[in-house]
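The values are calculated or read from the model by the stated rules, or taken from the named source; none is laboratory data. The structure displayed is predicted, hence computed values, not measured ones. Cβ sites come from the backbone with ideal geometry, for glycine too, and all protein chains shown count toward neighbours. The accessibility values were calculated without ligands, DNA or RNA, using every heavy atom of the protein model including side chains. Shrake-Rupley method; radii C 1.70, N 1.55, O 1.52, S 1.80 Å.
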Amino acid sequence: MPDLLLSPFRFEVTPSLGHACCGGWITPVLAVDDPLYCHGFVLTGCDSPIVVCAVDWTGLFNEAHLAWRVALAEAAGTTPDRVAVQCVHQHNAPLACLDAARIVAEQGDLPRGVDLEFFNECLDRAGASVTQSVRRARPVTHIASGRAQVEKFASNRRVHRDEEGFVIATRNSRETSESMRELPEGLIDPWLKTVAFYDGDLKIAACHYYATHPMSYYGDGRVSSDTVGLARKRRQEDEPDCAHIYFTGCAGNIAAGKYNDGSPERRPILSDRIYDGMVRAERELRPEPISEVSWSTTGVIPKVNDALFRADLEETIRSKTASVMDRCRSSYMLSWRRRIEQKIPLGLSFLRINGIGMLHLPAECFVEYQLRAQKMARTQFLATAAYGDGGPWYIPVKEEYGKGGYELTVAFCDPEVDDLITRGMRELLHPMQER
Ligand SMILES: [Zn+2]
């Protein structure tokens, strides 16, 4: 194995007061409870450098996602196809779609989803941070994996159904109805997984993965890295010399709802459960020498969801009688349609080191995708991060189309996306089955 180097990096991406949260749906920034960061690493020594990072934002869509990959690639001396940018998906946080921002700006009376100056400033910080970190690169010789079940956090949002399986009501991330909280957890992936990198016997980076919407409460304009970010920060304080990075898995239909009434006291309790999962997963770490590194990518071009795209989007955006929410949502839909018309694929990527896999998926994939991916990897260790390019919003599995629930009202791809992503995952994970 050639000499590998790892450069962890971190930079702040907290928006300033007045900036939109979650793309303009909710109260803009009024205060900052705790700052937002992008955490990642550059891995060099295996062809061109590989960059993987997690951003404390709600989402990076279409062109905005590409802009991040380009900026990080330039700084690391690699190509954008070797960069994975995944969002953690907090909601009192920025969401960026540059095309939607332009569409909205033309109207003059709609809230701006993202401030371009701030967006570009974050890209500058990304470049500077990566350049600096590469100068301080450390040898990486060993890798390890561990996992632990998180107690009482993830729960499925789509458990309240009628006899035909139709979703009567979605269980929210903050669920005030006791009867909704009493329903079973439903399908989740209970495992928090950790992949750690070592320089000799020194742990230099630990990547944690868990599938849930991270929110305890939101909409009050108070920026926070929320449950999972606070757990990561605490773990970082425990071990200042190891970069702790947190990725949100396939959490499209997963949130804390069953265990979260949204009261402020729940945030530290839920955060402790993630922290506890990280600590227990790390107890399993048994470093082994790195013998093999590979990076592979694939792309899919799904069709738009005809059921949603029947309306005249331009007309809705212009309409002064339509709600701000409908007009904004239409701007995101129009951006997605334009991007699909331009045949710009949605990327999937896969980093494999020895028998440990790290899969990067786009948008708000349902949890079924990561469970399916783990099956494809058989007994090998697989960690999945979703919330890459968020352009298509929710990505349900095909069986869920026509079954109602909030997610299906903002699922911009037609059901065939399931086959495309599944095929893409199979292609990437194929080497895991050979081992
Ligand atoms: Zn979401």
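If you line up the long axis of helix 367-376 against the longest principal axis of the chain, both from Cα atoms, how many degrees apart are they, to the nearest 10?
30 degrees
Taking the Cα centre of the range 347-424 as origin, sum charge times position over the Cβ atoms of Lys and Arg (+1) and Asp and Glu (-1), and report the length of that vector in debye to the nearest 20.
460 debye
Starting from the amide H of Ala96, placed 1.01 Å from N in the peptide plane, find each other amide H under 5 Å away whose residue is 5 or more places distant or on another chain.
Close amide H contacts, sequence-distant or interchain: Gly59, Leu60, Phe61.
Among Ser179, Ser296, what's the order by accessible area (1.4 angstrom probe), most exposed first?
Result, largest first: Ser179, Ser296.
Explain nothing, just the number: relative contact order of the chain, from Cα pairs under 8 Å at least 6 residues apart, as a whole percent.
The normalised contact order for the chain reaches 18 percent.
Computing the accessible area with a 1.4 Å probe over protein heavy atoms, can you report the carbon and sulfur percentage for the range 269-425?
51 percent
Given a 1.4 Å probe and every protein chain left where it sits, what share in percent of the accessible area of the range 1-92 is carbon and sulfur?
Solvent-exposed carbon and sulfur of the range 1-92 make up 53 percent of the total.
How far, in degrees from 0 to 90, does helix 266-283 lean away from the longest principal axis of the Cα atoms of the chain, to the nearest 10?
The helix 266-283 is inclined about 30 degrees to the chain.
Report the convex hull volume per residue for the range 171-325, counting only C-alpha atoms, in Å³.
Given the Cα convex hull of the range 171-325, per-residue volume reads 201 Å³.
Starting from the Cα-Cα distance between Lys320 and Val32, subtract it from 0.36 nm times their residue separation and give me the gain in nm to one decimal.
Length gained, Lys320 through Val32: 100.4 nm.
Projecting each Cα onto the charge dipole of the chain (Lys/Arg +1, Asp/Glu -1 at the beta carbon, about the Cα centre), which of Cys22, Gly388, Val134 comes out farthest on the positive side?
Of the options given, the answer is Val134.
For the range 180-201 and the range 389-435, what is the separation of their C-alpha centers, rounded to whole Å?
20 Å
Give the angle, between 0 and 90 degrees and rounded to the nearest 10, that separates the Cα long axis of helix 226-238 from the longest principal axis of the Cα atoms of the chain.
20 degrees
Using only the Cα atoms of the chain, build the gyration tensor, take square roots of its eigenvalues as a ≥ b ≥ c, and label the shape rounded, prolate or oblate: rounded if a/c is under 1.5, else prolate if a/b is larger than b/c, else oblate.
Cα axes put the chain in the rounded bin.
Return one whole number: the accessible area per residue of the chain in Å², for a 1.4 Å probe.
Value for the chain: 38 Å² per residue.
Roughly what % of DSSP beta bridges within the chain run antiparallel, to the nearest 5?
Antiparallel bridges make up about 70 percent of those DSSP assigns within the chain.
Quick one: which residues, 5+ away or cross-chain, put their amide H under 5 Å from the amide H of Val32? H built at 1.01 Å from N.
Those lying under 5 Å, H to H, from Val32 are Val223.
Hey, what do the phi angles of the range 134-148 turn into as Karplus ³J(HN,Hα) couplings, whole Hz, using 6.51/-1.76/1.60 and θ = phi - 60°, x for Gly and Pro?
Along the range 134-148, the couplings run 4, 5, 9, 4, 10, x, 10, 10, 10, 9, 8, 9, x, 8, 8 Hz.
Can you list residues from other chains, or at least 5 along the same chain, whose modelled amide H is less than 5 Å from the amide H of Asp414?
Lys303, Val304, Asn305
Holding the Cα-Cα limit at 21 Å, pick out from Lys203/Lys233; Lys303/Lys398; Lys152/Lys193; Lys193/Lys375; Lys303/Lys403; Lys258/Lys375 the pairs that are longer than that.
Result: Lys258/Lys375 exceed 21 Å.
Based on the Cα atoms of the range 222-272, what semi-axes does the equivalent ellipsoid have, where each is the square root of 5 times one gyration tensor eigenvalue, given in whole Å with the largest first?
22, 14, 9
When the label point is put 7 Å from the Cα of Glu121 along its Cα-to-beta-carbon vector, which residues of the range 41-66 have a backbone N closer than 17 Å?
So the set is 56-57.
Under 10 Å, Cα contacts only: if you run a Gaussian network model on the chain, which one of Gly165, Gly219, Gly262 comes out with the highest mean-square fluctuation?
With Cα springs under 10 Å in the chain, the top fluctuation among Gly165, Gly219, Gly262 is at Gly165.
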